[in-house]
Amino acid sequence: MSTNLKNLSSYDKDSVPDASKMDFGIVVSEWNHEITNNLLHGTIKTLKTHGANEQNIHILHVPGSFELTFGAKTLSENEDVDAVICLGCVIKGETSHFDYICQSVSYGITELNLSFDIPFIFGVLTTDTLEQAKDRAGGIYGNKGNEAAITAIKMIALQG
Ligand code: DLZ
């Protein structure tokens, strides 16, 4: 979890490779959409800041974070993308849904990274409260979408 020691939107711009020739997939959860919309906008803005073309950014919406894994797999099979960024927001409730969804999506994205030849990026907020999510979706701790975009660019560049 980010703290006041680490802002999700702070990074060294010079350390980020040029993304103008890269193709991105973004799969975004509709659950907690006021948060995930901010994550999506933050992701797209940062990709474009580093040269990505709008027509090379493919977006797929899924109902909830549990569906991110299947959405990411589908997107990677249907579009010629170099990385898929998964965006979601899971907020702890009164039941154990939180634990099941977080476990499933983190395991699912790990599996995709091991099964496919492109990177799948974990851009999922897992918070105790809506307030904590807002703080990390364009609030006082930055925007996890910015972090996810930078991670995707760096991971694509890693492959040469
Ligand atoms: C059901 C559910 C609950 C309780 N909470 C969240 C949440 O905080 N964040 C989220 O992205 N999705 C949630 N969902 C929906 C599940 O991810 C999934 O869409 C449904 O269980 C249907 O498979």
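FYI, it's all coordinate maths here, none of it is from the lab. On a predicted model such as this, the values are computed, not experimentally measured, just so you know. Don't worry about glycine lacking a Cβ; one is built from the backbone with ideal geometry, like all the others, and counts go over all protein chains shown.
For a label point 7 Å from the Cα of K13 along Cα→C-beta, name the residues of the range 36-79 whose backbone N is under 13 Å from it.
Under cut-off, by backbone N: 46-51.
Scan around G25 for amide H atoms under 5 Å from its own, H built in the peptide plane at 1.01 Å from N, and keep only partners 5 or more places away or cross-chain.
Distant-sequence amide H within range of G25: H58, D82, A83, V84, I85.
Pop out the Kirkwood hydrodynamic radius of the range 29-158 from its pairwise C-alpha distances, inverse of mean 1/r, in Å to one decimal.
14.7
Let's see if you can work this out: charge +1 on each Lys and Arg Cβ, -1 on each Asp and Glu Cβ, no other charges. What is the dipole magnitude of the chain about its Cα centre, in debye to the nearest 20? Walk me through the intermediate numbers first.
Values: 11 positive and 20 negative charges, 80 e Å.
Rounded to the nearest 20 debye, it is 380 debye.
Please list, by residue number, every one of the trypsin sites (Lys or Arg not before Pro) in the range 130-160 that is coil in DSSP and has at most 12 other beta-carbon atoms within 10 Å. Let's see the in-between values first.
Values: sites: K134, R136, K144, K154; in loops: R136.
In loop regions of the range 130-160 (DSSP not H, G, I, E or B), there are no sparsely surrounded trypsin sites (Lys or Arg not before Pro).
Amide H of V62: which non-local residues (sequence gap of 5 or more, or other chain) have their own amide H closer than 5 Å, using H built in the peptide plane?
Placed amide hydrogens put V28, S29, E30 under 5 Å from V62.
Pulled fully out, how much extra length does the chain show between E30 and T110, if you take 0.36 nm times their separation in residues and subtract their Cα-Cα distance?
Between E30 and T110, full extension yields an extra 26.7 nm.
Over the chain, what relative contact order in percent results from Cα pairs under 8 Å that are six or more residues apart?
33
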